[in-house]
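The values are calculated or read from the model by the stated rules, or taken from the named source; none is laboratory data. It should be emphasised that the depicted structure is a prediction, and the values quoted were computed from it without experimental measurement. Here the Cβ positions follow ideal geometry from the backbone for every residue, glycine too, while neighbour counts run over all protein chains shown. Heavy atoms of the whole protein, side chains included, go into the accessibility calculation; ligands, DNA and RNA do not. Shrake-Rupley method; radii C 1.70, N 1.55, O 1.52, S 1.80 Å.
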Amino acid sequence: MTDITAILGNENDLLLKHVCDAIPKSSLQLPGADFIERVMALSNRKSSVLRNLQALYNNGRLAGTGYLSLLPVDQGVEHSAGASFAPNPMFFDPKHIVELAIEGGCNGVASTLGVLAIVSRQYAHKIPMILKINHNELLTYPNKFDQTLFASVNQAFDMGACAVGATVFFGSEESRRQIQEVSEAFEHAHNLGMVTILWAYTRNAAFKTADKDYHVSADLTGQANHLAVTIGADIVKQKMAINNGGYNAIKFGKTHPKVYSELTTGHPIDLVRYQVANCYMGRIGMINSGGESGSDDLHQAVRTAVINKRAGGMGLISGRKAFQKPFTEGVKLLNAIQDVYLAKEVTIA
C-alpha cells in the first residue's frame with residue numbers, strides 16, 4: 001500500500017486531521033458499498049441504469065467500496081494527439097489506453113468514439129467503457145469555448161459502453177446550446193439503460209482576473225455542479241476548487257454572504273465539501289479531475305485524492321498524470337490514488 005503520510009509530508013496535519021464544521025459530514029449522502037440501494041434506487045433511474053452503475057462500482061481495485069478510479073483519455077481531440085501522446089507514443093494505439101486502465105485497476109475507461117470503437121470487441125466485456133460524446137477540438141483557429149457532438153448515444157450503446165460522458169462549458173457563450181444537447185442525450189442514454197457522466201467545467205474569459213483564476217472557485221464550480229445534476233448527470237466530474245469568491249470578484253449573478261461566512265472556509269477540504277454539497281448533498285457522486293502531468297505527479301495525485309475523499313467526493317478521474325508516463329509508472333500512480341480510497345485511516349472530515 002502507498003505510504004500516504006510520507007507523500008503528504010508537511011501537509012499531514014492540514015489534510016488528515018481537519019474536521020469540516022461548515023457543512024458537517026452528517027449532512028451528506030456518502031459513498032459506500034450500499035450507495036445504489038441507499039441513494040440511487042430512490043431516484044427515477046431505470047433498473048438497467050442502476051445495473052450499469054453497479055458495474056462501474058464493482059470493477060477494479062475499488063470494487064465494492066462505492067468509490068471510483070477512472071482513466072480518461074479524450075485529450076487526443078481536446079488538446080491534440082501530438083500534445084497528448086508525444087511524451088509516450090505507445091498511447092497513439094488505443095489498445096494500450098484500455099490496457100493501462102485494466103492493469104491500473106481502474107473501475108472504467110473513458111475516451112472518444114474512435115479510441116473505444118476500434119478495440120470495443122476486444123475489451124467491452126473486460127472493463128466498463130464510457131464513451132465521451134462531445135469535444136472541443138483545438139485545430140479550429142481562433143479557438144473558442146464550445147463543445148461539439150462527435151458521437152451519438154446509440155453508438156455508445158451499440159459498442160457495449162455502460163456509460164456516456166459529455167462536457168458543458170458553463171459560462172461560455174455557447175453553454176445554453178450545450179446544456180440542451182447534453183440534457184437530451186442524457187435522457188436518451190437513461191432510456192437505453194446507460195449511466196451519464198458530466199464534465200461540468202466553467203469557461204469564460206471574464207472568470208480570470210488579473211489577480212486570480214476563478215474558473216476553479218468553489219462558488220462557481222459549485223453552481224456548475226448544481227446545473228450538471230439538474231440535467232440528469234449520474235456522476236459529476238469537476239476540477240478541484242482551490243479558491244472562492246468568484247461571484248463577488250466578477251460582480252455578476254447571485255450568491256449569498258453565508259456561502260462565504262458559514263458554508264465555506266479557505267481550507268482545501270471545505271472548498272471541495274461545498275462542491276459536493278452542490279451535488280444534492282452527495283446524492284450524485286462527484287469525482288475530481290487529476291490535472292495535467294508535471295514534475296510532482298505522485299504527490300499531487302495523492303493529495304487530490306485525500307482532499308476529495310475527506311470532502312465526501314466519490315473518487316478521482318486521472319489521465320495525463322498516468323498515460324504520459326512509462327506504462328509501469330502509470331499503473332503505480334493509478335494504484336496510489338486507489339490506495340487513498342482503500343485506506344481506512346483516511347476518513348471523511
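Residue count for the stretch 164-188, restricted to those that are assigned to a helix (DSSP H, G or I) and more than 19 Å from residue 314 (Cβ to Cβ): 13. Of the helices (runs of 4 or more DSSP H) lying entirely inside the stretch 234-277, those carrying at least 2 residues that are open to solvent by less than 40 Å² (accessible area, probe 1.4 Å) and among the β-branched types (Val, Ile, Thr) are 268-277.
When the stretch 23-49 is limited to residues that are of a type outside the set (Val, Ile, Thr) and open to solvent by less than 30 Å² (accessible area, probe 1.4 Å), the one that is nearest to the chain's Cα centre (by Cα) turns out to be 31.
Within the stretch 294-340, the set of residues being open to solvent by 10 Å² or more (accessible area, probe 1.4 Å) and either touching a strand residue (DSSP E or B) at 6+ places or on another chain (Cβ under 7 Å) or of a type in the set (A, V, I, L, M) (or both) comprises 298, 304, 331.
When the stretch 55-105 is filtered for residues that are hydrophobic (A, V, I, L, M, F, W, C) and open to solvent by less than 10 Å² (accessible area, probe 1.4 Å), the ones remaining, listed by number, are 56, 62, 68, 70, 71, 73, 91, 97, 98, 100, 101.
Residue pairs whose Cβ atoms lie under 7 Å apart, sitting 6 or more positions apart in sequence or on different chains, and linking a residue in the stretch 180-204 that is within 21 Å of residue 223 (Cα to Cα) to a partner that is modelled with pLDDT under 95, are 203/145. Quick check, is residue 341 outside any loop (DSSP other than H, G, I, E, B), of a type in the set (Phe, Trp, Tyr) and either farther than 19 Å from residue 200 by Cα or in contact with a helix residue (DSSP H, G or I) (Cβ under 6 Å, 6 or more places away or on another chain) (or both)? Spelling it out, residue 341 is indeed outside any loop (DSSP other than H, G, I, E, B), of a type in the set (Phe, Trp, Tyr) and either farther than 19 Å from residue 200 by Cα or in contact with a helix residue (DSSP H, G or I) (Cβ under 6 Å, 6 or more places away or on another chain) (or both). Summed over the stretch 176-202, residues that are closer than 25 Å to residue 248 by Cα and surrounded by fewer than 22 Cβ atoms within 10 Å (Cβ to Cβ) total 2.
Of the candidates 46, 17, the single residue that is under 27 Å from residue 270 (Cβ atoms) and among the charged types (D, E, K, R) is 17.
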